[in-house]
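Scroll down for the structure; my scribbles are underneath it.
The values are calculated or read from the model by the stated rules, or taken from the named source; none is laboratory data. Note that the structure is a prediction, hence the values are computed from the model and not measured. A quick note on method: Cβ atoms are made from the backbone with ideal geometry, for glycine too, and the neighbour counts reach across all protein chains shown. These area figures cover heavy atoms from the full protein model, side chains too; ligands, DNA and RNA do not enter into them. Shrake-Rupley method; radii C 1.70, N 1.55, O 1.52, S 1.80 Å.
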Amino acid sequence: MSAGEVAVDLSPDRAEVWEATGELVEATRRLMRHVSTSQADPDRLRAAAAALDAVTAELGEAGPRVLRVPFDEEAVRQVRAGRAWTMFRFNPMMVPLRMVVDGARGRAELTPDSVHEGPPDLLHGGFAAHILDAFLGSLVQAQGRPCYTAGLELAFRAPTLLDVPIVVEGEVAEPEGRKVRATAWISQRGQRTVEATGLFIQPATGSADIF
């Protein structure tokens, strides 16, 4: 997917903060992968832990909430015009999905790794649920309908391998009042491994920054 990213109008100082935070989050994700698979000896591991504590102290007091890109009307307009929307860009705990929308349909690609492991060498079912819920929620919101997840049904069709690319696809059905239904699935090597059906509810007073 080569679509450009959703552009956010920021002051130069704020733009630099966002760029630097994004770089730090990506470095943190690389660290998480290495920590989960490290073969270093105990002394090196303890030294690394001390170094990380020093970095934490250097960053200063933590803020109350994760930095996030607002999925407001302007962002929705750009997404519907073909720009990509990246979920959880500034949250290293979550799985970052870069979604492209075409009308009521969406698509994202990702390669799960050791951080997402459940059974040996396989994607954890909880991460699969997270991926599909986040994907569907953003796809629904890209239709101009900010909603909350009211229900999510999953069907695990086959194991999802780590270190092998996956494709996430889905589509949104016509709304029924404040209710929106949507379906999505994870495919790997041409086979669907997980399918999801979601029910989403639009709040009486809409929010432009749910996801």
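Values as computed for the structure displayed
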{"quantity": "Spin-label proximity, R105 to the stretch 1-40 - amide N less than 17 Å from point 7 Å beyond Cα toward beta carbon", "calculated": "1-3"}
{"quantity": "Backbone HN-Hα couplings from phi across the stretch 176-185 [Karplus 6.51/-1.76/1.60, Hz, Gly and Pro as x]", "calculated": "10, x, 8, 8, 10, 10, 8, 10, 8, 8"}
{"quantity": "Per residue, in Å², the accessible surface of the chain once ligands and nucleic acids are set aside, probe 1.4 Å", "calculated": "58"}
{"quantity": "Distance-filtered residues of the stretch 1-36 - backbone nitrogen under 19 Å, label point 7 angstrom along A47 Cα→Cβ", "calculated": "31, 34-36"}
{"quantity": "With every protein chain in place, the chain: carbon and sulfur % of accessible area (1.4 Å)", "calculated": "53"}
{"quantity": "Pairs of alpha carbons in the chain whose separation is greater than 24 Å (percent)", "calculated": "48"}
{"quantity": "Potential lengthening between V17 and D72 on full extension [0.36 nm per residue; Cα-Cα distance subtracted]", "calculated": "17.8 nm"}
{"quantity": "Extension gain from E26 to D121, taking 0.36 nm per residue of separation minus the Cα-Cα distance", "calculated": "31.9 nm"}
{"quantity": "Stretch gain in nm, segment D9-T86, where the contour uses 0.36 nm per residue and the Cα spacing is subtracted", "calculated": "26.1 nm"}
{"quantity": "Pair V167, E61: separation of 7 Å Cα→Cβ label points (nm)", "calculated": "4.9"}
